[in-house]
Amino acid sequence: MKKQIQPFTFSIDTILYPILFVLLIWLVFAVEIRFGLRFNKYGVYPQTLKGLRGIIFSPFIHSGIKHLYSNTISLFVLSSALFYFYRPIAFKVVVFGILFSGLLTWIIGRPSYHIGASGLIYVLFSFNFFKGIFAKNYRLIALSLVVVFIYGSMFMYAFPIDEKISWEGHSAGLLVGFIFALIFRKEIAKPKRYVWEQPDYNEEDDEFLKYFDENGNFIELPPETEWFAETDEISSEISKINYIFKENKD
């Protein structure tokens with residue numbers, strides 16, 4: 001039987017997949033430096049057939065060490081949070097996040113090569129933030145607050161404030177992450193519901209509340225409770241037992 005994937009549990013997978021992705025983008029950059037190559041032409045180039053290949057390749061390509069370094073930390077932190085808190089759907093968010101954010105960038109982007117893992121980072125940022133709010137789980141809400149506290153400034157880069165930055169890719173990732181937070185409702189950990197939170201809960205049937213009056217005052221137990229009644233019944237049965245004493249002739 002297939003083992004059920006549980007969220008909120010730390011395992012090696014929580015950091016293994018983020019580390020592998022980070023190592024991969026650094027490996028691509030190292031190959032560029034070592035062999036004097038430039039992979040920018042494999043980025044997303046909007047509204048061109050050849051530019052569609054960038055939807056898959058662009059997250060692994062960066063313009064320089066500063067660009068790569070700034071994406072590395074954000075990518076590792078946000079993807080680790082994704083695999084810890086949303087393990088059942090983590091791969092769906094990553095894979096479809098790359099595809100849909102890249103496709104949306106291809107549709108709305110300027111005629112230039114759009115490269116970098118920023119699109120995916122914005123998907124993770126947006127998803128972790130909005131999903132925590134929508135889920136109504138105290139742990140996920142806490143995650144939302146942490147994410148917006150650390151990366152809240154990312155919102156401004158989803159707008160055209162710097163022509164050197166692919167704000168289209170950022171906006172695409174932000175929108176895709178928000179949509180994912182709305183549609184990925186299944187397999188998300190639900191907050192624990194106690195007995196009194198159930199829709200069919202009836203106070204009159206609650207054994208604990210029977211010991212309190214309508215004002216919340218403790219009610220002393222009557223002298224004859226069910227427990228004493230059962231005890232008396234057992235005692236009366238025992239008293240009916242006849243013992244026969246026989247003298248030991250030995």
Average projection area in nm² (convex hull over Cα atoms of segment 37-147, one quarter of hull surface)
7.3 nm²
A correct Karplus calculation of ³J(HN,Hα) over segment 161-177, with 6.51 cos²θ - 1.76 cosθ + 1.60, θ = phi - 60°, whole Hz and x for Gly and Pro, returns 9, 9, 5, 7, 9, 7, 5, 5, x, 5, 4, 4, x, 4, 5, 5, x
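Send over a whole-number figure in Å² for the accessible area per residue of segment 99-165, probe 1.4 Å. Present the calculation step by step, with values, prior to reporting the outcome.
Working: 3500 Å² over 67 residues.
Dividing the accessible area of segment 99-165 by its residue count gives 52 Å².
Expressed as a rounded percentage, what relative contact order does segment 26-66 have, with Cα pairs under 8 Å and six or more residues apart?
Details: 33 pairs, mean separation 14.4, N = 41.
Value for segment 26-66: 35 percent.
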State log₁₀ I(q)/I(0) for segment 8-66 at q = 0.18, 0.25, 0.26 Å⁻¹ as given by the Debye formula over alpha-carbon point scatterers of equal weight, solvent excluded.
-0.71, -0.98, -1.02
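Please report the net charge: other residues with Cβ closer than 10 Å to the Cβ of V44, K and R +1, D and E -1. Write out the running numbers ahead of the final one.
Numbers: positive: R53; negative: E168.
With Lys, Arg at +1 and Asp, Glu at -1, the net is 0.
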Among the listed pairs K50/K164; K41/K66; K92/K164; K66/K131; K41/K164, those beyond 28 Å (Cα-Cα):
K92/K164; K66/K131
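What number, in nm² with one decimal, is the all-direction average of the projected area of the convex hull of the alpha-carbon atoms of segment 59-111? Intermediate results must be reported in sequence, preceding the final value.
Working: hull surface 17.4 nm².
Computed as one quarter of the Cα hull surface, the answer is 4.4 nm².
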Can you give the relative contact order of segment 1-157 as a percent, counting alpha carbon pairs under 8 Å and 6+ residues apart?
27 percent
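The values are calculated or read from the model by the stated rules, or taken from the named source; none is laboratory data. For clarity, every value in this text was computed on a predicted model and none was experimentally measured. All Cβ positions, glycine included, derive from the backbone under ideal geometry; neighbour counts span all protein chains shown. Calculation scope for accessible area: heavy atoms of the full protein, side chains included, ligands and nucleic acids excluded. Shrake-Rupley method; radii C 1.70, N 1.55, O 1.52, S 1.80 Å.
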